[in-house]
Amino acid sequence: MAASAVEGAAVTALRSVLLRVRHAAERAGTRPGRVRVVAVSKTKPDSLIRQVYDAGHRCFGENYVQEIVQKAPQVSLSNYKTKKSFHLFIYILLFWQLPEDIEWHFIGHLQSNKAKTLLGGVPNLALFEGVDNEKIANCLDRAVSNLGRNPLKVFIQVNTSGEASKSGIDPSGCVRLAEYVKLRCPNLDFSGLMTIGMPDYTSTPENFRTLSNCRVEVCKALGMAEDECELSMGMSGDFEQAIEMGSTNVRVGSTIFGSRDYSKKLPN
């Protein structure tokens, strides 16, 4: 299939997803605008992301540090002092660099030694979906402080399925970690909980129910209103069900962008 056809299909798929999100929110009695759609663009080219961006979407997610840093480069005008190089700067802004108003989400586990690389390479990182231990919370907190950027919104990743292959803190430790982030990490803004359901989705309702129960416990411990604590759950195969069970943040990749070519994946 030609690249232009793939890009056109992605925009059509995005619109379909947004419509399905709206209907699911209505069924759940939730304001549609309350549910955020993260278009997960891992392994996909900038041209495809730009096509979806030009259709009006602003929130994109990535799982690999090197890939998100490459897709969200920051070009400084101070590096282009001559007329010729200034023209190069303008060319890069218009035709190469993805727009600065993209709201990037990093999704999943992060090695602690990559925190500085991630935050330094993606100044417009809007949300980190994957704090699963105190060490990574400390590394992120320190990196934000050293870079002098505004506090970073974070979700705590909870392993609701109990699968050893998945990252995330056990539900029993969720409150303790949320308290740690909230009270000990001044440069992080605890904003919610995230989970990844089982791949065949057969036990997804129970996974989602577990995360919802974790929110009740966390909000009680922190004195937060439940609507101040987001739930990030639901992907391409189950995002409608997730919304009906309270999700405010769904991560949709292949349904928008098509199947992924992992041969193009950058090392993390």
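Scan segment 111-138 for residues that are within 20 Å of E179 (Cα to Cα) and within 15 Å of the chain's Cα centre (by Cα) and the total you get is 6.
Looking at this structure, is Q74 surrounded by 11 or more Cβ atoms within 10 Å (Cβ to Cβ), part of a loop (DSSP other than H, G, I, E, B) and at pLDDT below 65?
Details: surrounded by 11 or more Cβ atoms within 10 Å (Cβ to Cβ): yes; part of a loop (DSSP other than H, G, I, E, B): yes; at pLDDT below 65: yes.
The answer is yes for Q74.
In segment 160-181 there is no residue that is out of contact with any His (no Cβ under 8 Å at 6 or more places or on another chain), under 21 Å from E103 (Cα atoms) and open to solvent by 10 Å² or more (accessible area, probe 1.4 Å). Taken over segment 219-249, the criterion of being closer than 19 Å to G162 by Cβ and among the hydrophobic types (A, V, I, L, M, F, W, C) is satisfied by L231, M233, M235, A242, M245.
Considering segment 173-188 alone, what residues qualify as being more than 22 Å from G234 (Cα to Cα) and either touching a strand residue (DSSP E or B) at 6+ places or on another chain (Cβ under 7 Å) or part of a loop (DSSP other than H, G, I, E, B) (or both)? Matches in segment 173-188: L177, V181, K182, C185, P186, N187, L188.
G130 falls short of the stated requirement of being part of a helix (DSSP H, G or I) and open to solvent by less than 60 Å² (accessible area, probe 1.4 Å).
Under the condition of being surrounded by 23 or more Cβ atoms within 10 Å (Cβ to Cβ) and part of a loop (DSSP other than H, G, I, E, B), which residue from segment 197-236 is modelled with the lowest pLDDT? Across segment 197-236, the extreme among qualifying residues is G197.
Tallying residues that are in contact with a Gly (Cβ under 8 Å, 6 or more places away or on another chain), open to solvent by less than 10 Å² (accessible area, probe 1.4 Å) and outside any strand (DSSP E or B) within segment 28-64 yields 1. The number of residues in segment 133-152 being in a strand (DSSP E or B) and open to solvent by 10 Å² or more (accessible area, probe 1.4 Å) comes to 0.
The values are calculated or read from the model by the stated rules, or taken from the named source; none is laboratory data. Note that the structure is predicted; figures quoted are calculated from it, not measured. Because the Cβ atoms are built from the backbone with ideal geometry, glycine has one as well, and the counts that use them run over all protein chains shown. Calculation scope for accessible area: heavy atoms of the full protein, side chains included, ligands and nucleic acids excluded. Shrake-Rupley method; radii C 1.70, N 1.55, O 1.52, S 1.80 Å.
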